[in-house]
1. Restricting attention to segment A:144-180, and to residues there that are surrounded by fewer than 18 Cβ atoms within 10 Å (Cβ to Cβ) and under 15 Å from residue A:99 (Cβ atoms), which single residue is nearest to the chain's Cα centre (by Cα)?
2. Within segment A:58-70, can one find any residue that is of a type in the set (D, E, K, R) and within 23 Å of residue B:195 (Cα to Cα)?
3. Counting only residues that are touching a residue at least 40 places away in the same chain (Cβ under 8 Å) and among the small types (Gly, Ala, Ser), which one in segment B:170-220 is farthest from the other protein chains (Cβ to nearest Cβ)?
4. Within segment A:244-263, track down each residue that is surrounded by fewer than 22 Cβ atoms within 10 Å (Cβ to Cβ) and free of Cβ contacts under 8 Å to residues at least 60 places away in the same chain.
5. Please identify the pairs in which a residue from segment A:98-127 that is more than 7 Å from chain B (Cβ to nearest Cβ) and without any contact (Cβ under 8 Å) to a residue 12 or more places away in the chain has its Cβ atom under 8 Å from the Cβ atom of a residue that is part of a loop (DSSP other than H, G, I, E, B) and among the small types (Gly, Ala, Ser), counting only partners at least 6 apart or on another chain.
6. Can you find even one residue in segment A:313-323 that is modelled with pLDDT of 85 or more, on the phi > 0 side of the Ramachandran plot and part of a loop (DSSP other than H, G, I, E, B)?
7. Please verify whether residue B:139 is at pLDDT 75 or above, surrounded by 14 or more Cβ atoms within 10 Å (Cβ to Cβ) and more than 21 Å from the chain's Cα centre (by Cα), treating the condition exactly as stated.
8. Scan A:228, A:239 and give me the residue that is surrounded by 18 or more Cβ atoms within 10 Å (Cβ to Cβ), in contact with a helix residue (DSSP H, G or I) (Cβ under 6 Å, 6 or more places away or on another chain) and of a type in the set (Asp, Glu).
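The values are calculated or read from the model by the stated rules, or taken from the named source; none is laboratory data. Computed from a prediction, not measured in an experiment: that's the story for all the values here. Because the Cβ atoms are built from the backbone with ideal geometry, glycine has one as well, and the counts that use them run over all protein chains shown.
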Amino acid sequence: MTAKQPPVLEVEHLSIGFESDSGILSVVEDISFSLNSGETLALVGESGCGKSLTALAMLQLLPPFGKVLSGSIKLHGKELVGLADSSMEAIRGNQISMIFQEPMSALNPVFTVGQQVAEPLILHKDMSPSEAYQRAIEMLEAVGIPDPISRANNYPHQLSGGMRQRVMIAIALACEPDILIADEPTTALDVTIQAQILDLMHDLQEKFGTSILFISHDFGVVSRMADEIAVMYAGRVIEQGTATDVLVEPKHPYTTALLNTTPRIDISVDRLPAIPGRVPTPAERPQGCCFAPRCSLASDICSSERPMSIQLTDSHSAACYEVGHG
Amino acid sequence: MINQNSPLFLAMRRFRRHRLAIFSACVLLSMIVLVMIAPLFEILLGVSANQVDLYSRMAGSSLAHPLGTDELGRDVFLRLLYGGRISLFTGLTAACFAASIGTVIGLCAGYFGGRLDALLMRLTDSVIALPLLPLLIVLAAIDLNKLGLPEAIVQSEDVSFYRIVLIVALTGWTTVARLVRGATLSLKEREFVMAAQGIGASDRHIMFRHILPNLLSPIIVAVTLSVGSVILLESVLSFLGLGIQPPMASWGNMLTNAQQLIWEAPLLAVYPGLLIFITVISFNFLGDGLQDAFDPKAEH
């Protein structure tokens, strides 16, 4: 079925860095992944590992001085890196949409939510404001906002956090994009609301056939959503595979350690283990494996040479010397 | 349809509690209505504002001339109304015009940053650094005939009015430009700007459709506060004989005429002076009130 189709989004050997006076600081190094139609790929990792930067690169919305250093991002086979601003504007919100972490601040305080959901439709679908507003009300209903006609007339400050995130999803999906990028969409929400939003995204994905690039640091959330998982550490993908591969048989010691920090309902522990140390900043990344200083299995080679990604099965790969032995 | 929860509506509700500002708004409003219906008074009194009557020079109050007449026997009340037309209209147009220039310059500087910002802000600094009064005098003294403007414009009665508006706008945009730039710098870092980029909005769309509406309240306050100072500036220029040219009346040039007769007919100076004072102070109170209404968190 869907797996036979060519991937919607293909990222190959992508490196992203910042230009500064003292040269180029590369933050994301040589990552590759592909997103299949109607599936969800989760990028997982600690803060500062380059997840959000990768997401922004998909939209070519890197922060000032940020730059794609090498590699390619292809949407339906069309290269996005280096595409002119005007062509990119036609893609953003139309073929690739993004929902942000903070639903509190991502809505414009001086417009009603109806107007804001209508905006991408006016920009991309040549709709008149009144047509777009009608469609916006339908979208608000689709994302489960009760009484959408009167809610459309509300300002963001009148809505709760969960409601606002629903509005953000409505905005992102208004033009029925091929790809939805969700950057920690539930981090700012209560646990109960979190579950509702995840269910909603799941339902809408089935309804619209959207592919989702899901970015999170939380394996609990990821396990609910993902078909495929790519685990990132210090700017690299260190393990990649189907959700089952990564969650059930994690191979990289970092993945294992990260999974152990996630509370589980089926295993009771007194105290959740923490990973000692912290993610090295891009400037202080070691020569060898970036995880070596925090890894309990590290040997001499780990700190001198960077491990290459090893294909374990058709779907599963990991970048660790330990994996090769096992 | 007025949305009861729109930020503007909420601000207006807070504004209603500000008594002094409401009072000032009423004063200004009635003043505007009075100057608008000035022709009606002309009919009622049976004289026109520029009509000279040398037989009744510097007359006191009477039924025919409620506030007396000036040194040429013109009706002071009517001239005050027509002068008010000019002064208020100059103040409002010039303030709005200046604010528009300032808004565009401030938005571009703040949003694009970098070299454009540096360039525009140095330009702003230079305009601020120019000594205002000598500059105004020079600008006001430019001979329009020599600029090659069409005869119809140069000869028209309103040319001194356009000149004042232009001069004030060209020198008065700096405050708004700085204000808007500062606010834009902070607004563009807000996540909704990134979200707007995420739905494919162009820079121009983001500047004018997303950032500008968020700046409306400080701009409105700045315009209101500047109307008063523009009216003062017009008075100064007219007082120096460089502003609105007689026979057209403005409060400023009425003051000029009155100064020669300050001992014989002091009231001729008091009336326009008082009106300038009331108008300027009302605009200031109104501006303060709007500021409080738009920014309820600011403490005084």
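1. Checking each candidate, the answer is A:176.
2. Yes, segment A:58-70 contains at least one residue that is of a type in the set (D, E, K, R) and within 23 Å of residue B:195 (Cα to Cα).
3. The qualifying residue farthest from the other protein chains (Cβ to nearest Cβ) is B:172.
4. Within segment A:244-263, A:244, A:247, A:248, A:256, A:257, A:259, A:260, A:261, A:262, A:263 meet the criteria.
5. These pairs meet every condition: A:122/A:128.
6. Taking every residue of segment A:313-323 in turn, none turns out to be modelled with pLDDT of 85 or more, on the phi > 0 side of the Ramachandran plot and part of a loop (DSSP other than H, G, I, E, B).
7. no
8. Numbers: A:228 fails: in contact with a helix residue (DSSP H, G or I) (Cβ under 6 Å, 6 or more places away or on another chain).
Result of the check over A:228, A:239: A:239.
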